[in-house]
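The values are calculated or read from the model by the stated rules, or taken from the named source; none is laboratory data. Because the structure is a prediction, the values reported are computed rather than measured. Reconstructed Cβ throughout: ideal geometry from the backbone, glycine too, with neighbour counts over all protein chains shown. Heavy atoms of the whole protein, side chains included, go into the accessibility calculation; ligands, DNA and RNA do not. Shrake-Rupley method; radii C 1.70, N 1.55, O 1.52, S 1.80 Å.
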Amino acid sequence: LGAREMLYLARQQPNQTFELRFSKSLNGENGYVVLTRLSDFNEFLRNGDEDVRQDLFDSNVRDFQGSTEVNKDISDTLSGTAEVDFWWLNNGVTVLSSNATLIGDAVKIENPQIVNGLQTSSQIAAFFESGGEADKRVVMVKIVASEDEAVRDQIIKATNSQNSVPLASLRATDKV
């Protein structure tokens, strides 16, 4: 084999199938939006392993950002009371897959890639690693099934593009 063939073989990923249990779902063409309990999402991240599967984030444009204000806020929300559900305060997670199928109260996801929500996923995993207990709170997960690279690239760009918001604008609802 030459260098090109070896590189091609090295980049080949085996097909993987993960299951994500959910409490509510919305079906769309080639995808789903689900509300899944935090504990079920944590299990999805690990797929039966003790550690979080880092290969789930191979197509993510960001790496874990560490101790940022956003990550601290996510952690504080997870550690807080369940009076306000987690998904109300969080934009959720976007998963690209080659195929997704609903089976009862779970969705079978082939070759999943978390392309948006790495910070959220990391904080949920850390919450359970530090002794966080399962409760009824949920996270919203958008699952899109497409093998079209152009479509996948559009989704990655769109879900990771936001206008910056000046800090003063976030204070607009403060009482004066």
Notebook entry, point to check: Mind checking which of Q13, Q54, Q123 has the largest fluctuation in a GNM of the chain, springs on alpha carbons under 10 Å?
Noted result: Q13
Notebook entry, point to check: Got a number for the accessible area of V139? Probe 1.4 Å, square angstrom, nearest 10.
Noted result: 0
Item checked: For segment 111-137 and segment 66-100, distance of Cα centres in Å -> 7
Notebook entry, point to check: Which order do M140, M6 take when ranked by solvent-accessible area (1.4 Å probe, heavy atoms of all protein chains), largest first?
Noted result: M6, M140
Notebook entry, point to check: Within a Cβ distance under 12 Å of L35, other residues only, what is the Lys/Arg minus Asp/Glu net charge?
Noted result: +3
Notebook entry, point to check: Expressed in nm to one decimal, what extension gain is obtained for the pair R4 and N47 from 0.36 nm per residue of sequence separation less their Cα-Cα distance?
Noted result: 12.3 nm
Next item on the list: First measure r as the distance between the Cβ atoms of K72 and E133, then evaluate 1/(1 + (r/R0)^6) with R0 = 25 Å and state the FRET efficiency to the nearest 0.05.
Entry: 0.75
Item checked: Rounded, prolate or oblate (a/c below 1.5 giving rounded, otherwise prolate when a/b exceeds b/c) for the chain by Cα gyration tensor -> prolate
Notebook entry, point to check: Within a Cβ distance under 10 Å of A106, other residues only, what is the Lys/Arg minus Asp/Glu net charge?
Noted result: -1
Item checked: Rel. contact order, % - alpha carbon contacts under 8 angstrom, at least six apart, the chain -> 30
Item checked: Structure-based [θ]222 nm, the chain - -39500 (n - 2.57) summed over DSSP H runs of at least 4, per residue, nearest 500 -> -9000 deg cm²/dmol
Margin query: Test of understanding: in a Gaussian network model of the chain with alpha carbons linked when under 10 Å, which of A106, A150, A126 would top the mean-square fluctuation ranking?
Written below: A150
Margin query: Can you tell me which of N15, N90, N116 moves the most in a GNM of the chain? Springs connect C-alpha atoms under 10 Å apart.
Written below: N15
Item checked: Exposure of K157 as accessible area (Å², to 10), given a probe of 1.4 Å and all protein chains -> 150
Notebook entry, point to check: Using a 1.4 angstrom probe with every protein chain in place, what is the largest-first accessible-area order of Y32, Y8?
Noted result: Y8, Y32
Next item on the list: Report the net charge of residues surrounding K24, where surrounding means a beta-carbon distance below 11 angstrom and charges are Lys +1, Arg +1, Asp -1, Glu -1.
Entry: 0
